[in-house]
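Enquirer: Please find one structure pasted underneath; my questions will follow.
The values are calculated or read from the model by the stated rules, or taken from the named source; none is laboratory data. From a predicted model like this one, the values you see are computed outputs, not experimental measurements. Please note: Cβ atoms are built from the backbone with ideal geometry, for glycine as well, and neighbour counts cover all protein chains shown. Side chains are part of the model used for accessible areas, which takes the heavy atoms of the whole protein and leaves out ligands, DNA and RNA. Shrake-Rupley method; radii C 1.70, N 1.55, O 1.52, S 1.80 Å.
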Amino acid sequence: MSWGTELWDQWDNINVHTQKGIDFSERYIHFLKERSSVEMDYASKLKKLVKNFQPKKRDEDEYQFTWSRAFVDMLKEVYDMASQHEVVAENLTGTVSRNLQDLVTETKTDRKKYLQDGARLQEQLRQSSQTLDKAKRKYEKAHYDSERSLDNYRKADADINLSRAEVEKHRVVMNGKVQQCEECKNEYAAQLQTHNNHQTEFYSQTMPQVFQQLQDMDERRIHKLQECVLQCAEIEKNVVPIINTCIEGIAKAAGSINTAADSKLVIERYKSGFAMPEDVPFEDLSTGQSIEPSNNQTPRIPAPANSVKNATVSGGKGKKRGGLFGIFGSSKIIGLLGKVSTPVKVDEQKEDFSDLPPNQRRRKLQQKIDSIKKEMAKEHSEREGILKLKDVYAGNPALGDPSTLDKKIEENSQKLDGLRQELLKYEGYMAEAEGKVSRRHSASEDSRSLSTSGSGDTQHTQQVSAPGTPQVQHNVYQPIDGDEDGEDEFDIFPVIGHCRALYPFEAVNEGSVPMGENEEMQILEQDQGDGWTRVRKGDGSEGFVPTSYIECHYYDADQV
């Protein structure tokens with residue numbers, strides 16, 4: 001089917017049709033832009049919705065339940081779905097609309113060119129037709145004049161009153177008109193032949209070619225429009241699997257909700273650890289004796305707060321730690337009716353969490369200990385890296401000066417010492433919360449015992465051979481009250497880790513042991529804040545070495 005043969009006389013309609021095609025393409029472009037705007041607005045609102053319901057940092061503890069974590073997972077999936085709608089909007093605007101815009105621009109240019117060619121061909125045919133009409137009218141006029149001159153000649157020849165000269169004059173005029181008529185006839189015939197040839201070429205070759213170009217242009221537009229529609233469908237199709245994955249993620253989040261685990265977590269979070277109040281004995285004022293109730297039939301009245309002072313684990317002599325729980329006798333915990341209430345929120349939480357119930361306190365302390373251990377593991381890794389780099393510098397001075405790393409090593413040692421002291425402090429808090437008693441006094445008590453040992457001790461000097469050198473004196477641990485001989489069940493130290501000597505050390509104080517560089521030893525006791533660690537050497541000797549001179553690895557750190 002060709003427009004040139006089927007629509008040869010529908011030039012104006014073809015002109016209007018091609019313009020409608022361009023207008024439709026532009027309208028489709030506007031549709032895609034508005035569709036992209038809708039998709040982008042929808043994605044933006046979805047992301048804003050997710051952001052509004054995203055848990056705040058201060059509420060992170062509330063999102064430990066499976067149902068709350070499932071909600072957070074669902075928010076993540078919704079955010080991913082919003083991102084896919086953004087992808088759809090970007091592709092529609094950046095790819096499809098741009099291609100259609102290029103198509104419209106190209107179609108407008110081609111259409112204008114083809115219409116100009118068709119108008120030029122039509123103008124040529126019109127001029128040829130006008131020339132033919134002019135030749136025809138000229139021929140008709142000449143023919144009319146020839147016929148009239150012939151009639152005049154015949155009348156003059158039949159009129160006996162006219163002279164031969166007048167008759168001859170009419171004959172000459174007649175011959176001239178006849179000759180002029182023949183010339184006009186020949187010109188008309190030639191113009192007619194030219195016009196027919198031009199018209200035949202116009203309707204059979206030139207104009208059909210223009211029509212074909214317009215047809216090809218319109219078909220290209222339709223084909224490109226088809227590709228764009230398919231491209232839109234492909235864009236939607238590409239994001240459907242991802243959206244389905246997001247939906248599956250939401251379903252998976254719903255399936256991850258565990259009612260039993262949430263109930264257990266509620267118990268772990270809010271369990272105070274207090275024992276239930278015992279039955280209050282009936283006080284018979286008439287006899288002055290207390291009678292134990294039977295079958296729990298008498299009402300329970302809480303004992304005064306000061307009556308439970310012996311509920312704390314006091315341990316042996318000198319082993320008691322003040323304020324083991326730090327909760328008894330506090331109106332925040334035990335109410336007037338003996339019911340355990342939630343601790344009142346104070347402006348600032350205590351460092352040892354003693355203002356919390358036992359269970360919650362142990363949980364907070366364990367979280368703090370785990371955090372410190374992770375930080376220590378990080379610092380150990382950083383120290384190993386610095387030491388390896390120092391070895392590289394020492395082996396190849398061209399890469400750098402090993403002494404430049406001493407300051408970093410010293411800072412790392414100070415950090416590790418601080419973390420160890422903090423870990424020891426919180427482990428003491430944990431032992432206190434669990435009812436355990438520490439074998440050793442605090443570092444402050446040890447330092448006081450040293451300060452009272454006399455000022456006449458010989459001052460020992462030690463050459464500083466490595467960064468972070470501790471003081472030459474270390475704590476001498478005194479026996480616990482009640483154990484005057486200093487020997488109890490704690491004298492046998494378990495191995496809690498191993499260490500490697502980073503620098504050589506000469507024992508100059510009683511209780512310390514010498515060590516050589518890179519010597520491997522077992523750790524018997526952690527640094528208690530005085531800068532010394534108790535170790536056991538390969539020959540079985542035990543003693544203290546500077547903490548900053550060794551690289552420690554504790555077995556309990558493997559569980560972090």
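Enquirer: Kindly indicate whether ARG171 is touching a helix residue (DSSP H, G or I) at 6+ places or on another chain (Cβ under 9 Å), modelled with pLDDT of 90 or more and in a helix (DSSP H, G or I). Can you show your working first?
Expert: Details: touching a helix residue (DSSP H, G or I) at 6+ places or on another chain (Cβ under 9 Å): yes; modelled with pLDDT of 90 or more: no; in a helix (DSSP H, G or I): yes.
No; evaluated as a whole, the condition is false for this residue.
Enquirer: With the requirement that a residue be of a type in the set (Gly, Ala, Ser) and over 30 Å from SER36 (Cβ atoms), what does the stretch 197-235 give you? Write out each step before concluding.
Expert: Of all residues in the stretch 197-235, those of a type in the set (Gly, Ala, Ser) come to 204, 233.
SER204, the sole residue that qualifies.
Enquirer: Given the residues GLU422, GLU382, GLU375, GLU411, which is the only one that is in a helix (DSSP H, G or I) and open to solvent by less than 70 Å² (accessible area, probe 1.4 Å)? Step through it out loud before you land on a result.
Expert: Details: GLU382 fails: open to solvent by less than 70 Å² (accessible area, probe 1.4 Å); GLU375 fails: open to solvent by less than 70 Å² (accessible area, probe 1.4 Å); GLU411 fails: open to solvent by less than 70 Å² (accessible area, probe 1.4 Å).
Just a single option satisfies the conditions, and that option is GLU422.
Enquirer: Related question: Failed condition for VAL346, given (1) open to solvent by 30 Å² or more (accessible area, probe 1.4 Å); (2) of a type in the set (A, V, I, L, M); (3) modelled with pLDDT of 85 or more, with all others met?
Expert: Among (1) open to solvent by 30 Å² or more (accessible area, probe 1.4 Å); (2) of a type in the set (A, V, I, L, M); (3) modelled with pLDDT of 85 or more, VAL346 violates only (3).
Enquirer: Picking from ASP110, ASP73, ASP80, which residue would you name as being under 30 Å from GLU201 (Cα atoms), among the acidic types (Asp, Glu) and part of a helix (DSSP H, G or I)? Write out each step before concluding.
Expert: Values: ASP73 fails: under 30 Å from GLU201 (Cα atoms); ASP80 fails: under 30 Å from GLU201 (Cα atoms).
ASP110 is the lone residue from the list that is under 30 Å from GLU201 (Cα atoms), among the acidic types (Asp, Glu) and part of a helix (DSSP H, G or I).
Enquirer: Which numbered condition trips up ASP556, out of (1) farther than 16 Å from ASP417 by Cα; (2) in contact with a Phe, Trp or Tyr (Cβ under 9 Å, 6 or more places away or on another chain); (3) in contact (Cβ under 8 Å) with a residue 60 or more places away in the chain?
Expert: Here ASP556 clears every test but (2).
Enquirer: Here is a follow-up. Go through the stretch 243-290 and give me each residue that's touching a strand residue (DSSP E or B) at 6+ places or on another chain (Cβ under 6 Å), open to solvent by less than 50 Å² (accessible area, probe 1.4 Å) and among the hydrophobic types (A, V, I, L, M, F, W, C).
Expert: PHE274
Enquirer: Which residue pairs have Cβ atoms under 7 Å apart, sit 6 or more places apart or on different chains, and have a first residue in the stretch 518-541 that is at positive phi and a second that is among the basic types (Lys, Arg)?
Expert: ASN518/ARG500
Enquirer: Could you give me the residue pairs with C-beta distances under 7 Å whose first residue belongs to the stretch 369-383 and is over 23 Å from ALA433 (Cα atoms), whose second residue is in a helix (DSSP H, G or I) and basic (Lys, Arg) wherever it lies, and which are 6+ apart or on separate chains?
Expert: Within 7 Å, the pairs are GLU379/LYS415.
Enquirer: Then there is this: Looking only at residues that are of a type in the set (A, V, I, L, M) and modelled with pLDDT under 90 in the stretch 236-268, which one is farthest from GLY21 (Cα to Cα)?
Expert: ILE267
Enquirer: Which residues, counting only those in the stretch 227-273, are farther than 30 Å from ARG363 by Cβ and acidic (Asp, Glu)? Quick ask: steps written out before the conclusion?
Expert: Here is the first cut: in the stretch 227-273, the residues farther than 30 Å from ARG363 by Cβ are 227-251.
Scanning the stretch 227-273 gives GLU227, GLU234, GLU236, GLU248.
Enquirer: What is the residue count in the stretch 4-52 for residues that are closer than 24 Å to LEU121 by Cα, open to solvent by 40 Å² or more (accessible area, probe 1.4 Å) and assigned to a helix (DSSP H, G or I)?
Expert: 9
Okay, residues lined up against (1) in a helix (DSSP H, G or I); (2) over 30 Å from TYR63 (Cβ atoms); (3) at pLDDT 90 or above; (4) among the basic types (Lys, Arg):
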| site | (1), (2), (3), (4) |
| --- | --- |
| GLN215 | yes, yes, yes, no |
| GLU234 | yes, yes, yes, no |
| GLY273 | no, no, no, no |
| GLU278 | no, yes, no, no |
| LYS317 | no, yes, no, yes |
| GLY323 | no, yes, no, no |
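Enquirer: Given the conditions (1) of a type in the set (Ser, Thr, Tyr); (2) within 30 Å of THR105 (Cβ to Cβ); (3) open to solvent by 70 Å² or more (accessible area, probe 1.4 Å), and given that THR206 satisfies all but one, which numbered condition is not satisfied?
Expert: For THR206, the failing item is (3).
Enquirer: Can I ask one more? Is at least one residue of the stretch 117-139 out of contact with any Gly (no Cβ under 8 Å at 6 or more places or on another chain), surrounded by 17 or more Cβ atoms within 10 Å (Cβ to Cβ) and more than 30 Å from ASP12 (Cα to Cα)?
Expert: The answer is yes; a qualifying residue exists.
Enquirer: Okay, next question. Among what's in the stretch 140-168 and is modelled with pLDDT under 85 and either closer than 20 Å to ALA190 by Cβ or polar (S, T, N, Q) (or both), pick the residue that is most open to solvent (accessible area, probe 1.4 Å).
Expert: ASN161
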